[in-house]
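Since the structure comes first, as structure tokens, the remarks are kept for the end.
Nothing in this text is a laboratory measurement; each read-out follows from the coordinates by a stated rule. From a predicted model like this one, the values you see are computed outputs, not experimental measurements. Cβ placement follows ideal geometry from the backbone for every residue including glycine, while neighbour counts extend to all protein chains displayed.
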Amino acid sequence: MVASPADLVAKLSSSGDRDARLKAVRDIKNVIIGNKQKKQVFVSLGAVPRVVELLSCDAGGPLLVQCAAAVGSFAYGLDAGVQAVLASGGVAHLLVALSSEDEAVVLAASRALKMVYQSPMAPAAHALAGSALTRLVWLLGAANLCVAEVAARVLARCCDTPEQQAAVLEAGGLGGLLALLAAAEPARREAAADALAALLSGSPAAASQAVRRAVLPVLVKLLGCTAVREGVPGALAALLDDCPALHRAAADADAIGRLAAFLQDERCSSRLKVGTLCALGTLCLDYEDHRRQLAEARVLPQIVRALDDPDAQVRAAACTCVRSMSRSVVALHCSRVGADVAPPLFRRLQDADLGIQATASATLCNVVLDTSPAQEAVLAAGGLATLVRLTSAPAAELRVNAAWALQNLMHHASADVRAAVLAALPWERVEALASDADARVQERAVKLLQNVFAYCTPRDVEAAQAWSGGVALRLLVSSANPAANVPPLRRSHSLYGLCNVAVSGEEAGRAAVMASGAVPHIVASLSDTDNAVRLAAVWCVIALSEPHGKPAAAQRVADLAAAGALAALRGLAEDPPSLDIHERDGDGGGEEGGAGDGGAAGEGGLLPGTGQEVLMRDEDEDVVLSSL
Amino acid sequence: MGRGEASDRRRIQLSEWKRKLDAVKIQKEDTNKLIMNFLVTEGYVEAAHTFELESGTPPGVDLGAISDRMEIRRAVQRGNVEEAIERVNDLNPEILEEKHQLSFHLQQQRLIELVREGRTEEALEFAQEYLAPRGEEHPAFLGELERTVALLAFEDARSCPVADLMDIAQRQKTASELNAAILASQCQEREPRLPGLLKMLVWAQDHLDEKLIYPRINDLVSGELVEPPADH
Amino acid sequence: MSLATSFSSKFPSPLHWDKQSGGRVNSRWLEVTDTRVKYIGPGSEDKDAASVRADTPVPPDSSVYYYEVAVINRGRDGFIGIGFATSEVPLDRLPGWDSHSYGYHGDDGCAFKGSGKGNAYGPTFTTGDVVGVLFDRVDCCISFVKNGIDLGVAFADVPLEERLYPCVGLRTPDEEVDANFGASPFVGDFPGMVAECRERLTERVLATPLPGRGKAGSLLGELVFGYLQHHGHWETAAAVGRDVLGGAVSVSQADIADARSRQAVAEAAAAGRVEEAVDMAEALVPGALAAQPAVLFRLHCQRFLELVRARDDEGAMRYGRSVLSGAAASDQDQELLQDALSLLAYEEPEASPCGELLGAKAREDAAAALSAALLAHSGRSAQSALERCLAQLGAVRRELVQLGDASAAMLRFDKSLPSNGMLL
């Protein structure tokens, strides 16, 4: 039996006897390998810094080998061990050891580094500058394939920033990794593919596209390997990142089905889940039929469960995945995705992790749009209160998303939802959002208001006005003022808001708008330099001139004309800035029309960058055109 | 060809087949390498060394590394598990770090050896310190753990209900598991090529049976050709 | 050699589309130039479809065959079918609609096999895509590859008797494709596909159980022991007997002595001391040479050759006349005799057409024949059991390959053997 842990630790530094130290390190190593409990004991006795210290002095090959092995073991399978190794600077010493003349030392250091870098706590390779990097790249070509594999695994963790990627490329990493990619053993190929994916991730260079195309088939093939390595899906996610051109190719090879199969396996580890969910999220980012494929793979229950996983990384990955799925208008409408994911998403709004909160809130924006099952689920889950609370969150991102979610919730809202939102959201919050420090939040506030008045009855308009203490209209008027320093987009939405009041509120609404002091702003906006603002103003004029043939309408037309509206409209007709306005102007001139029933522009929108927001707006305008 | 009926198949007589066999040239150098591969992969270091001297065939790998592996194997077979563990960890620390089951089996063997030597108190201490925590960490081992610890409960471990653990066969089992793990970690062939070739022979003869009647080798040990039975 | 097959075949490989192959009526809807095909017909209904076959079928001895089709233009509707068909299949439909016809269609990504109704298989394909077609005759299946990515097996259990031709079919205006039958590098990783196929096959073969153990309990150990003993590696044989076979067999001194004597005989022959070798052989195994006239004749010949070698032309002539000319029994003997005698006609016999008879190789052959004769006469084989097994393996494999067996051609014996190409 070996000596007690305390004795062994004491022997590490007490005497100057080299052999005694060597024996002590070796004994410690043999006790801790594969034994978590013993690792814990030695870590708490402070053994790690002492071993690292031995590693740093020029102590000769055998001692270095033993120290490296011990450090590697400490860093494996125990968070406290990794922390201790990192804190004592073990990584830097191991990197230095890579340049040793002694092959045994190189091998031992490589193995230890591999252990360290297996942990998610391992540092991005800040220390991997210059010689260490060159050395690692050189080791990719090592005759000992184990060393080459280790080099690839370490390099895979050294590509977190564009600068690091450039450094690895500069050092010639690409060639070495491509050579390793052709190795016979799946483990080698996987290590190379993993590193290549990390190396190329996010880099749009054409050359990298070509390499990615070469790497993709290998990774896809590895997905089907029976002894699947946990890192493959994660590598795939990194490879596909920012490279939509490859998404199709990956989906062609049934990547979605294969990834989904991992989730169906109950033994799916956390790491595998994270990689798989990220890869699925990436694959479903841009293509509707990929989302359909994922929906058909019947893993929604697993994904929903992952939203509540104890592991934060799994939760984050699940949020990202659901966010991609939620970009699909069709999927949201045709399935219960929204209703199923809404409750766990609301729990994620209270996640300890801010990033998860942001993704979850962004996802909710999409989920609640136009889907009554999801909206009802939100209400049932008590989500409204959470959303309202988030409108005053310290992080602007969260405020934007919360306001956006409320805005989408109000889009085409049922009477119940409308009532519930107005009850849960104090008017003061809207005012606070409208004067938020972040311009994006201000914009959301106006759009929210625009939706409050859209697609509803005169009684709803009245109720909403009452909710605001009678000042909602005033807020719209002031932010429609061309003379005020308001961005055109927000002005146009304010005009739409006024338009909605006029349309939904019918006679009372129109009278209220006329009396609100909005007329000069509307008329001035008719000759605005911004297309969208002019268009919105035209809509206001149309709404106010309804219903044709009624005296009240005639009076309003006369009032508008007196304010200069006719002249402005004529100017538009003679010099049409866009066909769109031209046609509507003609309609406004006196045709029969039913714009009153719901033609007003409700503002719904999926998050930017999806291409969907544009689609939604197009849809709304289509409705308008056909109803005129 | 190959319609399955014996009468359809062409028949090759022994004399004709022998000419075909003569046309197959087998270089002694290649066969020697095959033999060396067998000796090296199976870990017969001494025979490999002798064969190198006698035939001039290079072993192709570092016989020293094989010696390590064989010594580790023998250490387990001798019952000196501690030495085996130390040597494995020197050879490649990843093996016992990552293979929990193997690691457990070695510790289990260690306990068995302590019992065998009658060092019961030490065995008890060892079980508590090293084996029990592993059972907690990996519930899959609990059953085996209980069986092993049961050894301590009997006066005479050799005649108790779990006496099979005391068998030499148990040592062999542990030794083989360890040997396979080391081979796998060395990215070396786990199996010699010779059995593969013999399997190929069996497979190919079966395959050819569907198309031809020809002299076969049915007994690989003797390598005797058997003439096909006469036509009916 | 074509790049499209896994090895060089004695059969021709497809090189281009066969213009003449088109359907009875619809061939006029296709514009065929070498490897390119373009649809120029009306393309309004299914009956307007037209297909074209390659000039020759997939080589019947190939294990794995691959070709690629680049979609130059998806045309109006992209009704493009790619696959294989036999020569009996009428060509006025897309591949896959008839029996003995297999196709993967671009418009819906379905796989068709002898039916107008396809099975959901892969993605659609369109302009700019490159579709690879893999006929794996080892696993009897056809799979497709889109832009280098394997889409998996589309058709299993493809009967190997079918002589399949590469085949494409088009159906709507402006559809155009270009085939690559291996003349230029493939987009897909064909060598990788071959390697994978080989791996699968090897795995299957290695799953074959080995028959029962030998007398000493270890089939391998006994074969190795026999080989070592046969070749006189006594020390190693002893070590194997002890370590591998657990002492169940050992090397006997009598065996060693016997083998040493035989070795001495062979050495004498190999050194050109033919007379001495023959005497020693007669003393060691009486009657052995008399029982094998061909070997005896070979030795007589060798004696003659040694005389020529020593430039003892007169002695050679005398020996030839008195002994050799009457001893030749078989045609083979006659042939050897003529070659040997011809040497006398040259001043520099070593440089003559039959000069190699005077080389070391001829001596070694004679020595080997003598050793074999001695072994045979004492009831032993000229080869060890292991070598006989290996020779049998080589002969069986060669026979299988000659019979067009796709699997045997694919099996790499050399991968299992230490050096390349031993049995190929």
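In the calculated pair distance distribution of segment A:348-422, what percentage of Cα-Cα distances lie above 15 Å?
On the way: 1285 of 2775 pairs.
More than 15 Å apart: 46 percent of the Cα pairs in segment A:348-422.
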Evaluate 2.2 N^0.38 Å with N set to the residue count of segment A:202-318, then give the Cα radius of gyration divided by it.
-> 1.00
Rg/Rh for chain C: what does it come to with C-alpha atoms and Rh from Kirkwood?
-> 1.21
Using Cα atoms only, what is the angle between the long axis of helix B:168-185 and the major principal axis of chain B, expressed in degrees (0 to 90) to the nearest 10?
-> 70 degrees
Could you check the simple spin-label distance between A:Ala552 and B:Val61, using points 7 Å along Cα→Cβ, in nm with one decimal?
-> 9.5 nm
With bins of 5 Å, the percent of all Cα-Cα pairs of segment A:1-123 per bin from 0 is 2, 13, 26, 26, 20, 10, 3, 0
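Please arrange B:Trp203, A:Trp404 by how many other C-beta atoms lie within 10 Å of their C-beta, fewest to most. Working shown, then result.
Values: B:Trp203 21, A:Trp404 28.
By the 10 Å Cβ count, ascending, the order reads B:Trp203, A:Trp404.
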Segment C:19-205: D in µm²/s via Stokes-Einstein (Kirkwood Rh, Cα pairs, 4 °C, 1.567 mPa s)?
-> 81 µm²/s
Report the calculated FRET efficiency for C:Leu210 and C:Ser44 (r = Cβ-Cβ distance, R0 = 56 Å), to the nearest 0.05.
-> 0.30
Nitroxide proxy distance, nm - points 7 Å out along Cα→Cβ at C:Ala257 and A:Arg18 | 6.0 nm
May I ask you to give the average projected area over all directions of the convex hull of the Cα atoms of the protein assembly as shown, in nm² rounded to one decimal?
-> 68.8 nm²
In terms of modelled amide H atoms, which long-range or inter-chain residues lie less than 5 Å from the amide H of B:Arg216?
-> B:Val226
Over the Cα atoms of chain B, what Rg and Dmax result, in angstrom?
-> 25.4, 76
Jot down the radius of gyration and Dmax of segment C:252-382, Cα atoms only, both in angstrom.
-> 15.0, 51
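Stick to Cα atoms and the Kirkwood definition of Rh, then tell me Rg/Rh for segment A:375-457.
Values: Rg = 11.7 Å, Rh = 12.5 Å.
My calculation of the ratio gives 0.94.
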Cα-based Rg then Dmax for segment A:430-579, in Å, read 14.7, 46
Segment B:63-185: equivalent-ellipsoid semi-axes (sqrt of 5 x gyration tensor eigenvalues, Cα, Å) | 24, 16, 12
Would you please give the FRET efficiency between B:Lys173 and C:Glu275, computed as 1/(1 + (r/R0)^6) with r the Cβ-Cβ distance and R0 = 56 Å, to the nearest 0.05?
-> 0.35
If we count other beta carbons within 10 Å of each Cβ, what is the order of A:Ser525, B:Ser222, fewest first?
-> B:Ser222, A:Ser525
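Rank-order C:240-253, A:104-117, A:407-420 by packing density, defined as the average count of other C-beta atoms within 10 Å over each peptide's residues, highest first. Intermediate values should be presented prior to the final figure.
Numbers: C:240-253: 17.2, A:104-117: 24.8, A:407-420: 20.7.
Averaged packing, sorted descending, gives the order A:104-117, A:407-420, C:240-253.
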Would you mind listing how long segment B:114-223 runs along its three principal axes, going by Cα atoms, in whole Å with the largest first?
-> 68, 33, 23
Please identify which residues in segment A:290-312 have an amide N closer than 17 Å to a label point set 7 Å out from the Cα of A:Arg347, following the Cα→Cβ vector.
-> A:300-312
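Taking each residue of C:317-324 in turn, how many C-beta atoms of other protein chains fall within 10 Å of its C-beta, and what is the average? The partial results should precede the final answer.
Numbers: counts 0, 0, 0, 0, 0, 0, 0, 0.
If you average over the peptide's residues, the count of other-chain Cβ atoms is 0.
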Over segment A:149-200 - Rg/Rh using Cα atoms and the Kirkwood inverse-distance radius | 0.95
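With the cut-off at 24 Å, tell me which of the pairs B:Lys211/C:Lys113; A:Lys29/A:Lys273; A:Lys36/B:Lys99; B:Lys28/B:Lys199; B:Lys211/C:Lys10; C:Lys19/C:Lys146 have Cα atoms farther apart than that.
On the way: B:Lys211/C:Lys113 29 Å; A:Lys29/A:Lys273 32 Å; A:Lys36/B:Lys99 13 Å; B:Lys28/B:Lys199 21 Å; B:Lys211/C:Lys10 21 Å; C:Lys19/C:Lys146 26 Å.
In this structure, B:Lys211/C:Lys113; A:Lys29/A:Lys273; C:Lys19/C:Lys146 exceed 24 Å between Cα atoms.
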